[in-house]
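Presented below is the structure to which this report refers.
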Amino acid sequence: MARPLSVCKHFAHVNEQVVIEDMDLNVDKDGVVSVILDVRPYKRHQRRCPHCGKRCPGYDSMSASPRLWRALDCGGILLYLRHAPGRIQCPDHGVVTSAVPWAFHGSGFTKEFDLQVAWLAKYLPRSSIEKLMRIDWKTVGRCVERAQLHLDPDADKRRLDGLVNIGVDETSYRKGHKYMTVVVNHDTGEVVWVHENHGKSVFEKFFEDLSQEQRASIRCVSGDGARWIDDCIKQYVPHAIRCVDPFHVVQWAGDALDTMRTQIWQSLRVEARGIEKQIKNNDDPQEIRRLRAEQQVRELQATSIKHSAYTLGKGKENLTSFQSQRLALIAESQPALYKAYQLKEQLRIILKMPIDQDRYFLQKWYWRASHSRSQVIKDLARKIKRHQENIFNTIQNGLSNARIEAINNKIKLLVRRAYGFRNLQNMFAYVKLICSNVDIPLPNRPVVSLDRPVGR
Ligand SMILES: [Zn+2]
């Protein structure tokens, strides 16, 4: 028959690691039950440096005040390990608190707990994890970072080896006040490098982190149209091909369209206000009636344009019937804006075409856009002309726009999700872990994973 203490060790996943010296059962005032196991690591696990794992001479006696580590709940019962780790003197790392075999350095949880939280963070929404594991979101961030460091300790170096096609993008977080730069390996879909802020100096840091050999293997660098990307390529990887991601080009067209929409909306409001003044200075009741009607039309048009940002941003095939009607109204009342919408849609379709058709249709598109009466659209056309060869480079070198856009959206989503983490390192660890396809192990599973989960 298994002995109760040995069963308890299995509950806390510390078999072969500790001696259980005592145990305590507590029921708090809310009726929540917890079990505390007083443990002592086996001799071979004692006095180990948490950084290098070396056995070191003790510095303090073991009389330090005891600490608690939370293990995974056992049948809904809170489970803790209690131990008072002493300090040791490592020849390389100085005086440090000795490592304990059941937890990562600096963690108040067992290794299984940290890993399970990281696994859950991959799949579950924030509120579910908080409720299930009884921890807040900031703690989730710290668990994820520890799990990432443990599962992929050399990841940061390894990821920079053998890069061929890479993409750089800046993502905003903290409601657009702060930026981070993310470098992606297009061939694996992995995030290889993340850094706070954006711009030339940050991208330079990325290339500085690479060895000569690592730089030599890079073939394509894609991104938006920013000049600092060109500058960095010229300086560090002059042999590489500069690519512009087509989805960024469609974004430029979307932004231009939105600028135009705002301009039209504002000019309609100004017109309505002008009519208001005319009404005040007028005595003829018939004329006033006519002006009132005109003013009302302007105001209605202005409101409709104000609320059409979402409609104009969508492709025709994705519009709801209401949005289609709104678009039909715009086509009638604001032909210039409708034409700009059509140009945006055409551009989106052209950039999905094979390279030979691409050139032909983009040429035609450019002619139409550059002859637009709107300065915004003319500027857009000029910008696209300037980056034309870089756009073709992307298509010619087989960088799939859909894939680049998908990973870009995934990162943006992850960043938004990780926004509540306490610090940037937690956020970076989360983005890297989720994008890396590293398998996060769960406790008490067979070492060799089965093809199919075992069910009954
Ligand atoms: Zn050490």
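Values quoted throughout were computed directly from the atomic coordinates according to the rules given, and no laboratory measurement underlies them. Everything quoted here is computed from the prediction, not taken from an experiment. Backbone-built Cβ (ideal geometry, glycine too); neighbour counts: all protein chains shown.
Things worth noting here:
- Annotation: the residues SER6, SER321, SER308, SER333, sorted from fewest to most other C-beta atoms within 10 Å of their own C-beta, follow the order SER321, SER6, SER333, SER308.
- Segment 1-47 versus segment 82-129: alpha-carbon centroid distance in Å: 17
- Placing one equal scatterer on every Cα of segment 227-348 and applying the Debye formula, the log10 ratio I(q)/I(0) at q = 0.11, 0.16 Å⁻¹ is -0.54, -0.82.
- Neighbour-count order for ARG326, ARG126, fewest beta carbons within 10 angstrom listed first: ARG126, ARG326
- P(r) histogram, all alpha-carbon pairs of segment 1-70 included - 5 Å bins from 0, percent: 3, 12, 20, 22, 19, 12, 8, 4, 1
- Each 5 Å bin, from zero up to the one with the longest distance, holds this percent of the alpha carbon pairs of segment 111-170: 4, 17, 23, 15, 13, 14, 10, 4, 1.
- Diffusion constant of segment 35-134 at 25 °C, which comes from Stokes-Einstein with the Kirkwood Cα-pair radius and 0.890 mPa s, µm²/s: 166
- Remark on segment 293-346: ratio of C-alpha radius of gyration to 2.2 N^0.38 Å is 1.13.
- Distance from the C-alpha centroid of segment 377-424 to that of segment 303-331: 24 Å, rounded to the whole angstrom.
- The Rg/Rh ratio of segment 176-271, with Rg taken over Cα atoms and Rh as the Kirkwood radius over Cα pairs, comes to 1.13.
- Sorted largest first, the spans of the alpha carbon positions of segment 94-199 along the three principal axes are 41, 36, 27 Å.
- Amide hydrogen neighbours beyond the local backbone of ALA84, cut-off 5 Å, H modeled: ARG67
- Ranking of ILE233, ILE349, ILE377 by count of other Cβ atoms within 10 Å, fewest first: ILE349, ILE233, ILE377
- With N counted as the residues of segment 62-111, its alpha-carbon radius of gyration over 2.2 N^0.38 Å works out to 1.31.
- Entries of LYS178/LYS344; LYS131/LYS178; LYS138/LYS205; LYS9/LYS111; LYS352/LYS385 with Cα pairs more than 22 Å apart: LYS178/LYS344; LYS131/LYS178; LYS138/LYS205
- The overall shape of segment 315-430, judged from the alpha-carbon gyration tensor, is oblate: a/c is not under 1.5, and a/b is no greater than b/c.
- As a ratio to 2.2 N^0.38 Å, the alpha-carbon radius of gyration computed for the chain takes the value 1.36.
- Phi-derived couplings, Karplus 6.51 cos²θ - 1.76 cosθ + 1.60 at θ = phi - 60°, listed residue by residue for segment 104-119: 6, 4, x, 9, x, 10, 6, 4, 4, 5, 4, 5, 5, 5, 4, 4 Hz, with x used for Gly and Pro.
- Taken over segment 159-205, the percentage of Cα pairs per 5 Å bin, counting from 0 up to the bin with the maximum distance, is 5, 22, 29, 21, 15, 5, 2.
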